[in-house]
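Before any comments, here is the structure.
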Amino acid sequence: MKVPDYYEFGCRTRIMAGHDVLEQIPGLLSSMAARHPMVITDQGVARAGLVDILCQALDSRITVKTIQDDVPADSDLATVHTLAGQYKKYDCNAIIALGGGSVMDTAKGVNILVSTASDNLLAFSGANALPHRLAPLVAVPTTAGTGSEVTQVAVISDPDNLRKLLFTSGFLMPDAAVLDPRMTLTLPAPVTAATAMDALSHAVEACLCLGRNPLSTAHAHEAIALISHHLVPVIQQPDHTPGRLALATGAALAGMAFSNSMVGMVHTLGHAVGSVCHAPHGTCMAVLLPYGMAYNLHKTQSLQADLLLPMAGADVYARTRPQDRAEKAIDWVNRMNRRLHQATSGAHAVCLRDIKTPDGKSLVPAHLLPGIARTALGDGSIFYNPEDLDHDDCLMVLTAAFDGTPLDLSRVKKG
Amino acid sequence: MTALHHFLCRTKTAFGTHALAHLPFDLSGMHARKPFVITDQAAKDAALHLELARACRDTHLPLGLAILTDAGDLETLYHLFVDKGYDSIMALGTGQVVQTAKALNLAICHGPERLRTPAGAEQLNNPLLPLVYIPTHPETGQDTAGETLFSGRRFVSPNLMPDIAVITADTMLGTPGAAVLDSGLSSLAICCEAFAFSHSPFARSYASAGICLVMDTLLPLARQPDHKDLLCQKAQKNRQLPLAKLAHAAAISGYIQSNYPDLKTRQAGARVMAVRSDQPALLSAGLCMVLALVQLFENSRHTCPWLGKLLLPLTDTDHYTGVPGPEQPDEAVRIIRQLLHVLAETVPRGMPQTLEEAGITPRQISEMSDLLTYTPPQGAP
């Protein structure tokens, strides 16, 4: 067992997972003497009826003071300040964040303001700037992908200054992550596919990138096994609650893994595609994952070979020659993308060219690829990638991913 | 994946070379500005407190220092802490040091009166002060578990888990072979039981890493001469990294114990020790737990959901996938037995490899059958 010279692993969020586990929130909040929560969510979640399910699960011990469902797709400063004002107005003493990554980030931002009695969120940006514990925060994810229910990070947009503010502190971790399969039952198949592949990319990069460690790898392998085993069956049978629970659990495990090991070029490039083209994050991750694995193959051959076991199972692993296992793992991800493409009637893209708006307009035009490559160089995750990347390398990978053609491994630098 | 499961590990693990150097950053993240260090004479004699001071020097953190001599020190420590205005606790040492640090934390945050009555999580809801734990030996997991024993009274709460466990070869002191064996076997039993029976993938992830760490280090450590015989400084240094890994496994076993306080191997091990209290030198708690674990697996191989998969962390990917699925449970048990066998041949005075060899009669085994058999929860697949 290889152990790095130094590593850290921690996640102080209580995991509560299972069918009907929402009903345990009252006991949890009561134990924290927090009986007056504010619910933060978005309109999509509200329209899907998930707020109603949550409220029905809360018993007489809990009085929801206000439900705020105006969180935008990209969390911003104005929303955080508005919601913090509502929290104070309704005299709340806890937050339930019900939604995906943007809702979680917004809730973390609101929690900073209300717990520090400050009206200047900027004062707490960066690492470890929070002075003390925050108000109780319960995270109820409604997608199985981002893992932000178990991370100590929040990203809030500052549109006036065209920047994204990063907040990192152990105090930002939610007190509990409540994983209830009812919360993802209504997710459309393409969103289920994309978010699960996002979680898979977290787990795979957690195993390959420079910050990997024995605990992050153990969590990542569990995540990969759960997602690999359950994703396609859930797409085929969306109301399969055990499968939904497995995906939610896999996403949380992957979140714990990558937040303790960091991610690499799949996220470097994916963030850039999302930022320049506003393409959905999970879809970008799904498309770019096999390319990131191939690019790093020469540096991580044995680690990628190990991935084949949780991905494809013991029989496939044992049948595959040791020297072929890493490439087989990459093939497996490609095959998973194609299966999802088929299972979603083509909605799940397998190359960047095919990422489209609902009305069929291409979101990632070829002429933007050089600009995406330039943007990628500014992403922090690039430092954790096993192999170095420059502009030409990024462009080479993006071009192959655009067309869905295999990466020419002879052109990959071997640093 | 259908059963309800909870998992909480409040502790961040920082492992590796020069891990102490990262401590000031972590302390600042918790806004701990005036830590109070509790340590013991052995750590002080090895000048470990100076290592700690060196790590904090550049940040000008004022460190208070108290050398623990006996449990009666708590009152003195309490007054010192309050009078000097400390805001956090660092336990540099194992056993009594960390248990005292937890008790002090309770006394500060809940009042000294709280220590007069045993209490559980429902009474100990409030957050405690930041607690950093820096072990100097591999322990048995009670150090990182959310519990403490003080003057014979037991206090249980996840809040009692340290905020950070800093585990580094730099602070490992010489550890007698018997203590190494006890720690390794105890961690192995706890992690294997949690892995094999838990429905929580979170518990299995931690357990898997803990098992790998024990399997990597226990036998090589047991094969080395006892620390007293390691006159060569280089040989002592070489022993420190595996000791730190074993301490890491022990910390993980503590995280698991916090989530599964009713582990059968722990209870059965205690029962075996009580039965054979005439043989304290022969039977350590860790050994009793592993002997109980093997019996538990033998009795439950058809109901144990993850026994076959346990083979993976016990061995490696090739070994695991080379064994046909139906044979994996037997092979997992065989690997544990084999480890016990090799250890028995390695340790100077030998050791029993079954409960019977430990002097437990069939009748006594039968009397503890509830602890040696797994019954799946209702509705489990």
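The values are calculated or read from the model by the stated rules, or taken from the named source; none is laboratory data. Values in this document were obtained by computation on a predicted structure and should not be read as measured data. Note: ideal-geometry Cβ built from the backbone for every residue, glycine included; neighbour counts use all protein chains shown. Quick note on the areas: whole protein, heavy atoms, side chains included, nothing else; ligands and nucleic acids left out. Shrake-Rupley method; radii C 1.70, N 1.55, O 1.52, S 1.80 Å.
Scanning the stretch B:34-66 for residues that are β-branched (Val, Ile, Thr) and crowded, with 17+ Cβ neighbours inside 10 Å, we see that the one that is farthest from residue B:163 (Cα to Cα) is B:39. Evaluating residue B:20 against the criteria (1) under 23 Å from the mean Cα position of the chain (by Cα); (2) open to solvent by 50 Å² or more (accessible area, probe 1.4 Å); (3) among the hydrophobic types (A, V, I, L, M, F, W, C) leaves one unmet condition, (2). For the stretch B:296-319, the candidate set comprises residues that are in contact with a Ser or Thr (Cβ under 8 Å, 6 or more places away or on another chain) and open to solvent by 40 Å² or more (accessible area, probe 1.4 Å); within that set, the residue that is modelled with the highest pLDDT is B:312.
For residue B:87, the stated conditions hold: it is crowded, with 16+ Cβ neighbours inside 10 Å and within 13 Å of another protein chain (Cβ to nearest Cβ).
Taken over the stretch B:1-39, residues that are within 22 Å of residue B:80 (Cα to Cα) and not hydrophobic (A, V, I, L, M, F, W, C) amount to 5.
Whenever a residue of the stretch B:317-346 is more than 12 Å from chain A (Cβ to nearest Cβ), its partners that are open to solvent by 20 Å² or more (accessible area, probe 1.4 Å) and among the hydroxyl-bearing types (Ser, Thr, Tyr), lying with C-beta atoms within less than 7 angstrom and at least six residues away or across chains, give the pairs B:335/B:315. Checking the structure you have, find out if any residue of the stretch A:337-351 is in a helix (DSSP H, G or I) and in contact with a Ser or Thr (Cβ under 8 Å, 6 or more places away or on another chain). Within the stretch A:337-351, none of the residues are in a helix (DSSP H, G or I) and in contact with a Ser or Thr (Cβ under 8 Å, 6 or more places away or on another chain). Looking at residue A:287, is it in contact with a Pro (Cβ under 7 Å, 6 or more places away or on another chain) and among the β-branched types (Val, Ile, Thr)? So residue A:287 does not fit the description; no.
Across the stretch A:333-349, the qualifying residues are those that are touching a residue at least 60 places away in the same chain (Cβ under 8 Å) and not small (Gly, Ala, Ser), and the one among them that is nearest to residue A:301 (Cα to Cα) is A:333. Taken over the stretch A:126-150, the criterion of being open to solvent by less than 20 Å² (accessible area, probe 1.4 Å), in contact with a Gly (Cβ under 6 Å, 6 or more places away or on another chain) and outside any helix (DSSP H, G or I) is satisfied by A:142, A:145, A:147. Taking the listed residues B:5, B:31, the one that is facing chain A (nearest Cβ under 7 Å) and open to solvent by less than 20 Å² (accessible area, probe 1.4 Å) is B:5, with no other qualifying. Residues in the stretch A:379-415 that are touching a residue at least 40 places away in the same chain (Cβ under 8 Å), part of a loop (DSSP other than H, G, I, E, B) and within 25 Å of the chain's Cα centre (by Cα): 6 in all. Just one of (1) under 15 Å from the mean Cα position of the chain (by Cα); (2) more than 22 Å from residue A:303 (Cβ to Cβ) fails for residue A:257. It is (2).
Elements of the type strands (runs of 3 or more DSSP E) sitting completely within the stretch A:1-113 and holding at least 1 residues that are at positive phi: these cover A:94-99. Just for the stretch A:268-295: of the residues that are farther than 18 Å from residue A:404 by Cα and among the polar types (S, T, N, Q), which one is surrounded by the most Cβ atoms within 10 Å (Cβ to Cβ)? Only one residue tops the list, namely A:268.
Here residue B:250 passes the criteria (1) part of a loop (DSSP other than H, G, I, E, B); (2) surrounded by 18 or more Cβ atoms within 10 Å (Cβ to Cβ) except the one numbered (1).
Under the condition of being open to solvent by less than 50 Å² (accessible area, probe 1.4 Å) and more than 7 Å from chain B (Cβ to nearest Cβ), the residues counted in the stretch A:12-24 number 2. As a summary of the residue check, residue B:111 satisfies the conditions (1) in contact with a Ser or Thr (Cβ under 9 Å, 6 or more places away or on another chain); (2) open to solvent by less than 30 Å² (accessible area, probe 1.4 Å); (3) at pLDDT below 95 except for the one numbered (1).
Mind counting the residues in the stretch B:200-226 that are modelled with pLDDT under 95 and at the interface with chain A (Cβ under 9 Å from one of its Cβ atoms)? Looking only at that region, the number is 1. Among all positions in the stretch A:315-322, there is no residue which is acidic (Asp, Glu) and away from chain B (no Cβ under 14 Å). For the stretch A:296-308, a residue qualifies if it is in contact (Cβ under 8 Å) with a residue 60 or more places away in the chain and either facing chain B (nearest Cβ under 9 Å) or open to solvent by less than 20 Å² (accessible area, probe 1.4 Å) (or both), and the qualifying residues are A:296, A:297, A:300, A:304, A:306, A:307.
Remark: residue A:329 falls outside the filter, which requires a residue to be open to solvent by less than 60 Å² (accessible area, probe 1.4 Å) and outside any helix (DSSP H, G or I).
Say whether the condition of being surrounded by 15 or more Cβ atoms within 10 Å (Cβ to Cβ) and under 24 Å from residue B:127 (Cα atoms) is met by at least one residue in the stretch A:49-59. Within the stretch A:49-59, not a single residue is surrounded by 15 or more Cβ atoms within 10 Å (Cβ to Cβ) and under 24 Å from residue B:127 (Cα atoms). Would you check which residues across the stretch A:152-177 are assigned to a loop (DSSP other than H, G, I, E, B) and open to solvent by 10 Å² or more (accessible area, probe 1.4 Å) and list them? Selection gives A:152, A:162, A:173, A:175. Could you go through the stretch A:205-219 and let me know if any residue there is among the small types (Gly, Ala, Ser), in contact (Cβ under 8 Å) with a residue 40 or more places away in the chain, open to solvent by less than 10 Å² (accessible area, probe 1.4 Å) and within 11 Å of another protein chain (Cβ to nearest Cβ). There is at least one residue in the stretch A:205-219 that is among the small types (Gly, Ala, Ser), in contact (Cβ under 8 Å) with a residue 40 or more places away in the chain, open to solvent by less than 10 Å² (accessible area, probe 1.4 Å) and within 11 Å of another protein chain (Cβ to nearest Cβ).
The set of residues in the stretch B:343-355 that are surrounded by 14 or more Cβ atoms within 10 Å (Cβ to Cβ) and more than 17 Å from residue B:182 (Cβ to Cβ) comprises B:354, B:355. Listed by position, the strands (runs of 3 or more DSSP E) contained in the stretch B:1-119 that have at least 1 residues being out of contact with any Leu (no Cβ under 9 Å at 6 or more places or on another chain), touching a residue at least 12 places away in the same chain (Cβ under 8 Å) and not assigned by TED's automatic domain parsing to the domain that holds residue B:162 are B:5-16.
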